[in-house]
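Peer 1: I have a structure here, written as structure tokens, and I will follow up with some questions on it.
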Amino acid sequence: MKLCRFLNQNQIRIGLLADDGMIIDLTAAGVTQLTPLLERDDLAAHVRSLAAQKLPEVSPSEVRFLPPVERQEVWAVGVTYLRSKKARMEESDFSATAYDKVYDAPRPELFFKSMPEKVVGTGDAVGIRSDAKWNVPEPELALVLNSRGRIVGYTVGNDMSSRDIEGENLLYLPQAKIYDRACAVGPCIEVGPSEEEARGWTITVQISRGDKVVFGGDTSVSRIKRTFTEMAEYLFRSQTFPNGAVLLTGTGVVPGDEFTLQAGDVVRIDISGIGVLENSVVIV
Ligand code: DO4
Ligand code: MG
């Protein structure tokens, strides 16, 4: 079951993506926000009962998708794939052993990524820093957690990163990771699948420059070293999230060292089981 936020005639609305591709307008049944919906233990049954009413439908081509994030902070886990550990160690000098250690340590690397209002959705632009020279998208499965830390769904995330800043010094990580348009999430929240099902999904990324594909790659969610519950549990340790949180689970696709994003590129991230997050790139 795919839930989304969209803008129709300047109104923010909540929708359910139907199998035929149309959006069922749940706001017509009184649903104005995703957050309280995600708190319900009977979420799927409740949405199904709403959708059984004759609600208006709209075509995705007529609306703008908004990120499925309302008041949730976005956090991220790092170095959860062997590919990411290798890339971080290669780009770093004296910080390399930190990545080696955190990959195997019981405590994961967790970092703050974005305030909800700064997240961009599909169709919007992601940013590369004007003072960075080596920039990449990080295609990641995102866990959607309610205020009790329960995994209520999944979405697609892009943890945009400046590799030269990150590699220069580990203490620069917040600058490499947090800036305008550095976080994209969307297009919808997939509610229902278990961790076991989600581990069967493939993450595919394609970067286009004009009419050329300049990078393509994929990985399997099953390669994430840590369990979803373990990552969620660490995030909620000694920290409350009254509106829940979105947790990016790390990247397993890293372009070769010669690759950097340019303004005008288009990044397309597809997670089988969820959908496609597509963003053009601008310099910020
Ligand atoms: O410590 C660097 C961050 C790594 C990261 O964002 C990832 O592995 O996805
Ligand atoms: Mg990342």
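Peer 1: Among the candidates 86, 113, 118, which residue alone is of a type in the set (D, E, K, R) and surrounded by fewer than 16 Cβ atoms within 10 Å (Cβ to Cβ)?
Peer 2: Criteria check complete, one pass: 86.
Peer 1: A follow-up question, please. Can you tell me which residue in region 125-161 is farthest from ligand 1 (Cβ to nearest atom), limited to those that are among the small types (Gly, Ala, Ser) and touching a helix residue (DSSP H, G or I) at 6+ places or on another chain (Cβ under 6 Å)?
Peer 2: Filtering region 125-161 down to residues among the small types (Gly, Ala, Ser) leaves 125, 127, 130, 132, 142, 147, 149, 153, 157, 161.
Now drop any that are not touching a helix residue (DSSP H, G or I) at 6+ places or on another chain (Cβ under 6 Å), which leaves 132, 149, 161.
Values: 132: 15, 149: 21, 161: 6 Å.
Here the answer is 149.
Peer 1: Quick one: in region 24-47, of everything that is in a loop (DSSP other than H, G, I, E, B) and at negative phi, which residue is surrounded by the fewest Cβ atoms within 10 Å (Cβ to Cβ)? Break it down stepwise before answering.
Peer 2: Initial filter on region 24-47 (in a loop (DSSP other than H, G, I, E, B)): 30-34, 39-42.
After this cut, where a residue has to be at negative phi as well, the list is 31-34, 39-42.
Numbers: 31: 20, 32: 12, 33: 14, 34: 23, 39: 15, 40: 13, 41: 11, 42: 9.
Restricting to residues being in a loop (DSSP other than H, G, I, E, B) and at negative phi, the top hit is 42.
Here's the yes/no breakdown for (1) more than 23 Å from residue 180 (Cα to Cα); (2) in contact (Cβ under 8 Å) with a residue 24 or more places away in the chain; (3) not aliphatic (A, V, I, L, M):
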{"site": "83", "(1), (2), (3)": "yes, yes, yes"}
{"site": "89", "(1), (2), (3)": "yes, no, no"}
{"site": "116", "(1), (2), (3)": "no, yes, yes"}
{"site": "123", "(1), (2), (3)": "no, yes, yes"}
{"site": "129", "(1), (2), (3)": "no, yes, yes"}
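Peer 1: Farther than 27 Å from residue 132 by Cα and buried (at least 21 other Cβ atoms within 10 Å of the Cβ): is that true of residue 2 in this structure? Full working, then the answer.
Peer 2: Values: farther than 27 Å from residue 132 by Cα: yes; buried (at least 21 other Cβ atoms within 10 Å of the Cβ): yes.
Yes.
Peer 1: Could you give me the residue pairs with C-beta distances under 8 Å whose first residue belongs to region 57-79 and is free of Cβ contacts under 8 Å to residues at least 60 places away in the same chain and among the hydrophobic types (A, V, I, L, M, F, W, C), whose second residue is more than 16 Å from ligand 2 (Cβ to nearest atom) and not in a strand (DSSP E or B) wherever it lies, and which are 6+ apart or on separate chains?
Peer 2: Close Cβ pairs satisfying both conditions: 58/22.
Peer 1: Let me ask something else. Restricting to region 156-184, what's the tally of residues that are in a loop (DSSP other than H, G, I, E, B) and over 17 Å from the mean Cα position of the chain (by Cα)? Spell out the reasoning first.
Peer 2: Going residue by residue through region 156-184, those that are in a loop (DSSP other than H, G, I, E, B) are 160, 169, 178-182.
Next, only the ones that are over 17 Å from the mean Cα position of the chain (by Cα) stay: 169.
Looking only at that region, the number is 1.
Peer 1: Also, quick follow-up: For region 48-82: of the residues being closer than 23 Å to residue 275 by Cα and within 16 Å of ligand 2 (Cβ to nearest atom), which is surrounded by the most Cβ atoms within 10 Å (Cβ to Cβ)?
Peer 2: Here the answer is 76.
Peer 1: Looking at region 101-110 only, could you name the residues that are of a type in the set (D, E, K, R) and surrounded by 16 or more Cβ atoms within 10 Å (Cβ to Cβ)?
Peer 2: Residues of region 101-110 that are of a type in the set (D, E, K, R), as a first pass: 101, 104, 107, 109.
Answer for region 101-110, where residues must be of a type in the set (D, E, K, R) and surrounded by 16 or more Cβ atoms within 10 Å (Cβ to Cβ): just 109.
Peer 1: To continue, here is another question. Could you give every pair whose Cβ atoms fall below 9 Å, whose first residue belongs to region 169-182 and is at pLDDT below 95, and whose second residue is outside any loop (DSSP other than H, G, I, E, B), counting only separations of at least 6 or pairs across chains?
Peer 2: 170/98; 170/99
Peer 1: Got a sec? Which of 153, 200, 216 is part of a loop (DSSP other than H, G, I, E, B) and over 23 Å from residue 100 (Cβ atoms)?
Peer 2: On the way: 153 fails: part of a loop (DSSP other than H, G, I, E, B); 216 fails: part of a loop (DSSP other than H, G, I, E, B).
Criteria check complete, one pass: 200.
Peer 1: How many of the residues making up region 122-150 are away from ligand 2 (no atom under 16 Å from the Cβ), within 23 Å of residue 232 (Cβ to Cβ) and part of a loop (DSSP other than H, G, I, E, B)? Walk me through how you get there before you give the answer.
Peer 2: From region 122-150, those away from ligand 2 (no atom under 16 Å from the Cβ) are 122-125, 130-131, 133, 144-150; that's our starting set.
The next check asks that each one be within 23 Å of residue 232 (Cβ to Cβ); those that pass are 144-150.
Still in the list and also part of a loop (DSSP other than H, G, I, E, B): 146-150.
Matching residues across region 122-150 total 5.
The values are calculated or read from the model by the stated rules, or taken from the named source; none is laboratory data. Quantities reported herein were computed from a predicted structural model and do not represent experimental measurements. Ideal geometry is used to build each Cβ from the backbone, glycine not excepted, and the neighbour counts take in all protein chains shown.
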